[in-house]
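S.K.: Let me begin by handing over the structure; questions about it come next.
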Amino acid sequence: MLLPTTETLPKDIAIDGLRSLEAARFMLDAQQVALAAVRKSAPAIIQGADVMAAAINAGNSIIYGAAGSSGLMALADACELPGTFGIPAGLIQIHMAGGVPADGRMPGNTEDDTAAAEDVARTVMSGDAIIVLSASGTTPYALQLAASAKKKGATIIGLANNPGTALLDLADVPICLETPPEVIAGSTRLGAGTAQKSALNLMSSLMGIKLGHVYQGRMVNVVADNAKLVKRAVGIVAQVAEVSETTAEAALSHAKGDVKSAILVALGSSAPAAQALLAEHNGHLGPCIQTIKSDQNINV
C-alpha cells in the first residue's frame, strides 16, 4: 500500500498536461492545501516550541536530524536561529544523512544509513530537544536517530506528512502535517516540504518569542554582524526606546552591540544595570522596561 506522500494523482489532472500558467496555479493551489495541514497541527507545533525553549533555557542543545529534502528544510531553519534570535551557535546542531551537501549531489541511499544515525545519537545529552523530520514517517535514518536519542533522555519532536507512521509513534511531540499526494508524484520537496518549512518556521519563531527574543514584533536579540543588521539594530533601539538614531547608536556602543541592553541604556539605565535587569527577568525586555519607567516615575 502506497503512503499518501507517494501516491499518484489521477491521469486527468497530470501537471505535465497543463499549460504553464495552469500548471503554476495548480502547484500554488497545492501549496495552499499543504499550509492548511500546518494550521491543523498548531497545538503540537506550540508544544514543540515549548520543548525547544526549555532546552535552550537549560543550556541544552536543539538538534535537527533528517535525510534528503526534509534535511534541507531542517538546515534552513537551524542556520537562521543564531542570527535571528541570538541562539548560541554551539547549542544548534544539524545532521543530514550523508552530511550537509556542498554541491548539488545528495545521494538517496544515505537515508538508510542507520549506523550514521547511531553515531549522531551518541553525542546527544539528556534534556536536548531533537527535531526529526521524515516526509514518509518511515525513513530508517530518521527512525534510528529518534529511537536512539530518546534512550539518551532527549525529547523527540517528530515531523511527518503521513499519519500513523513510525516516526510519529516514536515522538514525544508528534507533529503530523497531513499533506495530499504531490502534484509531481513522490517529490516531497513540494507540498510536504512547504508544510515542513512552514511548521519549522512557526515552531522556532514561537520559541524565540517564549525566550524573550521578540518584543513589539522586533528581533531584539538579533546578532548585528553586517552593515545591514547594524542599521536594523540601530532602528530597533530607536523605535522601542523612542530615541534618535544618534542616541541609539551611542547606546549600542555602550552595550557592546547587545540590542536588549542598548534599549535599556537608551531609556536611562547603565550597561551593567541593564544586564542585571535582563538576568533578573530571564531575558524578557517588557518587565525590564517597566522597571526602569517605574523607577523614573518614583524619582521624579
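S.K.: What full-extension length gain, to one decimal in nm, is calculated for Asp172 and Ser244 as 0.36 nm per residue of separation minus the Cα-Cα distance?
M.R.: Here the answer is 21.1 nm.
S.K.: Now for a different question. Of Ser269, Ala117, Ala23, which is farthest along the charge dipole of the chain in the positive direction, counting Lys and Arg as +1 and Asp and Glu as -1 at C-beta?
M.R.: After comparing all options, I get Ser269.
S.K.: Could you work out the relative contact order of the range 84-155? I mean the mean sequence separation of Cα pairs under 8 Å and 6+ apart, divided by the number of residues, in percent.
M.R.: Working: 66 pairs, mean separation 23.8, N = 72.
It rounds to 33 percent for the range 84-155.
S.K.: Looking at the chain only, what percent of DSSP beta bridges run antiparallel? Nearest 5 please. Each step should come with its number before you reach the end.
M.R.: Working: 2 of 21 bridges.
Of the beta bridges lying entirely in the chain, close to 10 percent run antiparallel.
S.K.: Just checking my list (i) 32, 23, 17; (ii) 41, 23, 16; (iii) 27, 24, 19 against semi-axes √(5λ) of the Cα gyration tensor in Å computed from this structure; which label fits?
M.R.: (ii)
S.K.: Gain in length, Lys293 to Ile46, computed as 0.36 nm per residue apart minus the alpha-carbon separation, to one decimal in nm?
M.R.: On the way: separation 247, 0.36 × 247 = 88.92 nm, distance 3.23 nm.
So the chain would gain 85.7 nm between Lys293 and Ile46.
S.K.: Per-residue counts of other Cβ atoms within 10 Å, averaged by peptide: what ranking do you get for 197-203, 60-66, highest first? Provide the component values of the computation, followed by the final result.
M.R.: Details: 197-203: 21.7, 60-66: 24.6.
Peptide ranking by packing, descending: 60-66, 197-203.
S.K.: Would you mind calculating the gained length between Asn57 and Glu80 on full extension (0.36 nm times residue separation, minus the Cα-Cα distance), in nm to one decimal?
M.R.: 6.4 nm
S.K.: Give the carbon-plus-sulfur fraction of the accessible surface of the range 234-300 in %, rounded to a whole number; probe 1.4 Å, heavy atoms of protein chains only.
M.R.: Values: 1750 of 3500 Å².
Taking all protein chains in place, the range 234-300 shows 50 percent carbon and sulfur surface.
S.K.: Once neighbouring chains are kept in place and the probe is 1.4 Å, which whole percent of the accessible area of the range 11-100 is contributed by carbon and sulfur?
M.R.: Answer for the range 11-100 is 58 percent, counting heavy atoms of protein chains only.
S.K.: Turning to a different aspect of this structure: Highest mean first, how do 103-109, 87-93, 209-215 rank when packing is the count of other Cβ atoms within 10 Å averaged over residues?
M.R.: Put in order of decreasing packing, that is 209-215, 87-93, 103-109.
S.K.: Over the range 174-293, what is the relative contact order in percent, taking alpha-carbon pairs closer than 8 angstrom and at least six residues apart?
M.R.: 17
S.K.: Here's something else I'd like to know. How much accessible area per residue does the range 31-175 have, in Å², with a 1.4 Å probe?
M.R.: Each residue of the range 31-175 exposes 40 Å² on average to a 1.4 Å probe.
S.K.: Excluding ligands, DNA and RNA, what is the solvent-accessible area per residue of the range 203-294 at a probe of 1.4 Å, expressed in Å²?
M.R.: On the way: 4430 Å² over 92 residues.
Per-residue accessible area for the range 203-294 comes out at 48 Å².
S.K.: Could you sort out which of Lys40/Lys210; Lys40/Lys197; Lys40/Lys150; Lys228/Lys256 sit more than 24 Å apart by Cα distance in this structure?
M.R.: Lys40/Lys150
S.K.: Between beta-carbons, use under 15 Å as the cut-off and find the net charge around Ile56, counting Lys and Arg +1, Asp and Glu -1.
M.R.: My count for the surroundings of Ile56 gives -3.
The values are calculated or read from the model by the stated rules, or taken from the named source; none is laboratory data. What you see is a predicted model; the values in this text were computed from it and never measured. Every residue, glycine as well, gets a Cβ built from its backbone with ideal geometry; the counts of neighbours run over all protein chains shown. Protein only, heavy atoms only, side chains kept; ligands, DNA and RNA dropped before computing areas. Shrake-Rupley method; radii C 1.70, N 1.55, O 1.52, S 1.80 Å.
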